[in-house]
């Protein structure tokens, strides 16, 4: 792993490059964006014996760039009034461009969890100057349950950067007993982090305020996987059909049974990871086949 701080908008964003165990030509760079209340260590937590997202990606020849979003880890905190998901997308678009100058790749596939998924879609909708092949997310959708956990979190009388109680996070992030191991839950605690509270206020309203506009502007394929027992999002067939209907390009929103909001940290986490890697490979091949013979990727920077 190689860690760097990339200058961005008067601050810095922390990234880490994870080289694959085996180099396979043509593999895209996977840029992993964590959700709220986590750092990028989210992607290093193993939900089961197959290992974490980073483990499974490395074994299958995929390089991964993990990013601590603004306000997490050593990345600069944005002023509260400026901390929108669209603004984070603008900053991270430039950070990814800079990262590609250090770690070149034929294409990028964004991998986002929860708020990281919303920001991934915001990045795709810009669109970026670098070669984006696809977006795969988990833990985001088109509808939140009325009066559910998402609204309750956003309505707490808090501000600034907050550190939510571990037990409260566990109750939202994990599915029913038997869908995860105690070892995975304990490991997940190491990826929990203090959170800019404004994110928890804006997340429940993002789909209503931004999804239709953002989805219509996304031109690359999208795979969004929802958890059967997601405490924050409606994962019913009707809600998933609603989500798919917002996009003008290829999109799929399956549900993964026996999982809670943070799917990666469940026993079925490796199933999600393999779905996302297969999708990334498909997107990269599609992009390569669509490129004119002898063409080169657009410059980044």
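The values are calculated or read from the model by the stated rules, or taken from the named source; none is laboratory data. In this text the structure is predicted, and so the values were computed from the model without any measurement. All Cβ positions, glycine included, derive from the backbone under ideal geometry; neighbour counts span all protein chains shown.
If you scan the range 184-223, which residues turn out to be part of a helix (DSSP H, G or I), in contact (Cβ under 8 Å) with a residue 24 or more places away in the chain and under 30 Å from residue 48 (Cα atoms)?
184, 185, 187, 188, 199, 200, 203, 204
Given the range 97-182, what helices (runs of 4 or more DSSP H) lie entirely inside it while holding 3 or more residues that are free of Cβ contacts under 8 Å to residues at least 12 places away in the same chain, at positive phi and crowded, with 17+ Cβ neighbours inside 10 Å? Before the answer, list the steps.
Working: elements: 115-125, 149-154, 166-173.
Correct list: empty, since no element meets the threshold.
Which residue, of 280, 238, 231, is more than 16 Å from the chain's Cα centre (by Cα) and more than 23 Å from residue 37 (Cβ to Cβ)? Before the answer, list the steps.
Values: 280 fails: more than 16 Å from the chain's Cα centre (by Cα); 231 fails: more than 23 Å from residue 37 (Cβ to Cβ).
Exactly one of 280, 238, 231 is more than 16 Å from the chain's Cα centre (by Cα) and more than 23 Å from residue 37 (Cβ to Cβ), namely 238.
Restricting to the range 246-268, name every residue that is in contact with a strand residue (DSSP E or B) (Cβ under 9 Å, 6 or more places away or on another chain) and either within 29 Å of residue 103 (Cα to Cα) or at pLDDT below 95 (or both).
Within the range 246-268, 249, 250, 251, 262, 263, 264 meet the criteria.
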